[in-house]
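Q: Just passing along the structure, written as structure tokens.
The values are calculated or read from the model by the stated rules, or taken from the named source; none is laboratory data. What you see is a predicted model; the values in this text were computed from it and never measured. Every residue, glycine as well, gets a Cβ built from its backbone with ideal geometry; the counts of neighbours run over all protein chains shown.
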Amino acid sequence: MVITISSLKGICQSSENKSSWDLTINILKYIKDPQFPKKVYNIVDFGAKDDGVTNNSKAINAAITKCSKDGGGRVLISKGNFLTGPIIMKSNVDLHIDADAILKFSTDPADYLPLVYTHWEGDECYNYSPLFYADGQKNFAITGKGTLNGQGDNQHWWPWKGIAKWGYVAGTRCQLDENCRPLLKKYNDTRVPITERKMGEGHYLRPQFVNFIRCKGIKIEDVTIINSPFWVIHPLLSENVIIRGVTVNSMGPNSDGCDPESCKNVLIENCTFNTGDDCIALKSGRDFDGRKQNTPIENVIIRNCNMKNGHGGVSMGSEISGGCKNIFIENCQMNSPELDNAILIKTNNSRGGVTDGIYVRNITVGEVKTAVISINSNYHIDKEGQGKFPPMIKKVFISKMTSKKSAYALYMEGIKGLKCVKNINVQDCVFSGVTKKNVVNDVDILVLKNDLMNDKPLLNGK
């Protein structure tokens, strides 16, 4: 049955394709915990000092290198307060941070030279080394119940954002990331060779906390990560990734909790995110760089997580030009007056890319500031301008989601004149405490079944 109303192309009723969830069984077969020999390398034996002042980067990296060359094992950071610069992870190493250990990272940008290859918000470039970095490694982990402190605050790293909230005083810096982002976008738009995209000193693009590139068999488990300079956990072009039992507390600018980019077979479970930006954001590159790379974020399972402050509980985009498919989100709690959206898909017509197959069920939302379910096909179009690469968003299934307080239940914006948002399914959901009417524009097909808003049928609620 199809009912035509002014805000939609059509409404029909259909049940979720439950068999799609069976794909998670196959995905989990490919995601295996790394295994390590039972050898231990204590960083103290390599000269590390737990005085909180000595930079132990050389000692920690020496222990990791030795462990890897010997065939693998555990590099131990035991009780103490250890200062360090960037840590370079290597194959077959489990870097274990004991519960009473604090690994505190230097705030001196010079410690993060030389530049390394990375992506900065989906743009390829060479930039300061991330605090944890690996390229082309396999079978490695960061484990333990200790604390990783990036020392970002209103005096260090965060002022590079360039706004008063983070301690920036006008005239104190010649270039901040708000000046350099357009430069990086220009490099992308004009296809400047990657080797010529040298950022680093004088460009004020903050380093990521964790950035593992072209790696296989990664695990980050149980650690607490606080005060990141920028994005927190950023696996890139990697496969078989486990993020388990991690707590992220980082309220700085762009402090996304976990941003798998162009990765395959990813499990994020039993984590807590309290962040200054998206709690989890799934990505696959920006504009030309992402389309050229043509590597989607795919086969992702997110379950049993707790999302507090942030822009989105689970977001897809906005850098998603390589596509996004087979995403499964279940049994999560999302609740904070400072959480903007629960489920958010964001893109624009400069991106391109196909988002195909998003499955969400059993999500409990207490309060969100804006929308419980949001699709924004015009995200940042005011800053980036109109493009020629419309995205496609299709086959989104959301069921058994409840919320207690929000401005909107649904806020969905397609692109006028284009059928780029289609087959959006919302079933058996209950939205309470909604204060504004739903916004649903330029959506080709919206499928609803057994949904309530403020105790009324979803589209007829207040």
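Q: What strands (runs of 3 or more DSSP E), lying completely within segment 203-263, carry at least 2 residues that are in contact with a strand residue (DSSP E or B) (Cβ under 9 Å, 6 or more places away or on another chain) and either within 15 Å of Asn127 (Cβ to Cβ) or touching a residue at least 40 places away in the same chain (Cβ under 8 Å) (or both)?
A: The strands (runs of 3 or more DSSP E) meeting that bar are 210-213, 216-221, 224-226, 233-236, 239-244.
Q: Return the residues of segment 135-155 that are in contact (Cβ under 8 Å) with a residue 60 or more places away in the chain and part of a loop (DSSP other than H, G, I, E, B); say none if nothing qualifies.
A: Within segment 135-155, Gly136, Gln137, Gly144, Lys145, Gly146, Gly150, Gln151, Gly152 meet the criteria.
Q: Looking at segment 106-134, which of its residues are part of a strand (DSSP E or B) and of a type in the set (S, T, N, Q)?
A: Residues satisfying the conditions are Thr118, Asn127.
Q: Looking at Asn423, Asn438, Asn450 in this structure, which one is assigned by TED's automatic domain parsing to the domain that holds Asn335 and closer than 25 Å to Arg291 by Cα?
A: After ruling out the rest, the residue left standing is Asn423.
Q: Sort through Ser374, Ser350 and tell me the only one that's among the polar types (S, T, N, Q), within 23 Å of Asn423 (Cβ to Cβ) and either at pLDDT 95 or above or in contact with a helix residue (DSSP H, G or I) (Cβ under 6 Å, 6 or more places away or on another chain) (or both).
A: Residue meeting the stated conditions: Ser374.
Q: Please specify each residue of segment 63-73 satisfying the condition of being under 27 Å from Thr107 (Cβ atoms) and in a loop (DSSP other than H, G, I, E, B).
A: Once the filter is applied, which keeps residues that are under 27 Å from Thr107 (Cβ atoms) and in a loop (DSSP other than H, G, I, E, B), segment 63-73 yields nothing.
Q: Of all residues in segment 268-286, which are closer than 20 Å to Asp356 by Cβ and among the charged types (D, E, K, R)?
A: Once the filter is applied, which keeps residues that are closer than 20 Å to Asp356 by Cβ and among the charged types (D, E, K, R), segment 268-286 yields Lys283, Arg286.
Q: Moving on. Only residues that are in a strand (DSSP E or B) and closer than 14 Å to Ser377 by Cα: list them for segment 425-443, please. I'd like the intermediate steps shown before the answer.
A: Filtering segment 425-443 for residues in a strand (DSSP E or B) gives 425-427, 430-431, 434, 439-441, 443.
Answer for segment 425-443, where residues must be in a strand (DSSP E or B) and closer than 14 Å to Ser377 by Cα: Val439, Val440, Asn441, Val443.
Q: How many residues does segment 190-202 hold that are in contact (Cβ under 8 Å) with a residue 40 or more places away in the chain and outside any loop (DSSP other than H, G, I, E, B)? Give the steps one after another, and end with the answer.
A: The initial filter retains those residues of segment 190-202 that are in contact (Cβ under 8 Å) with a residue 40 or more places away in the chain, namely 191, 194-195, 197-201.
Restricting the remaining residues to those that are outside any loop (DSSP other than H, G, I, E, B) gives 194-195, 198.
Here the count works out to 3.
Q: Can you confirm whether Asn81 is touching an Asp or Glu at 6+ places or on another chain (Cβ under 7 Å) and in the same structural domain as Leu205 (by TED's automatic domain parsing)?
A: Yes, satisfied.
Q: Next question. Being surrounded by 23 or more Cβ atoms within 10 Å (Cβ to Cβ) and either of a type outside the set (Asp, Glu) or modelled with pLDDT under 95 (or both) is the filter here; which residues of segment 113-128 pass it?
A: Selection gives Thr118, His119, Trp120, Gly122, Cys125, Asn127, Tyr128.
Q: Still on this structure, please answer the following. Among residues belonging to segment 418-427 that are farther than 11 Å from Phe397 by Cβ and at pLDDT 95 or above, point out the one that is surrounded by the most Cβ atoms within 10 Å (Cβ to Cβ).
A: Ranking the candidates gives Val421 first.
Q: Just to verify a result, which residue in segment 32-59, among those that are without any contact (Cβ under 8 Å) to a residue 60 or more places away in the chain and of a type in the set (Phe, Trp, Tyr), is nearest to Phe82 (Cα to Cα)?
A: Of everything passing the filter in segment 32-59, Phe46 is nearest to Phe82 (Cα to Cα).
Q: Given segment 321-416, what strands (runs of 3 or more DSSP E) lie entirely inside it while holding 3 or more residues that are crowded, with 24+ Cβ neighbours inside 10 Å and over 21 Å from the mean Cα position of the chain (by Cα)?
A: Filter on segment 321-416 gives 408-413.
Q: Quick test for you: out of Ile5, Ile11, pick the one residue that is hydrophobic (A, V, I, L, M, F, W, C), modelled with pLDDT under 95, touching a helix residue (DSSP H, G or I) at 6+ places or on another chain (Cβ under 9 Å) and exposed (fewer than 15 other Cβ atoms within 10 Å of the Cβ). Outline the logic, then answer.
A: Values: Ile11 fails: exposed (fewer than 15 other Cβ atoms within 10 Å of the Cβ).
On inspection, the qualifying residue turns out to be Ile5.
Here is a yes/no grid of residues against (1) outside any strand (DSSP E or B); (2) in contact with a helix residue (DSSP H, G or I) (Cβ under 7 Å, 6 or more places away or on another chain):
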| site | (1), (2) |
| --- | --- |
| Trp21 | yes, no |
| Tyr41 | no, yes |
| Ala48 | yes, yes |
| Gly52 | no, no |
| Asn61 | yes, no |
| Leu83 | no, no |
| Ser91 | yes, yes |
| Lys104 | no, no |
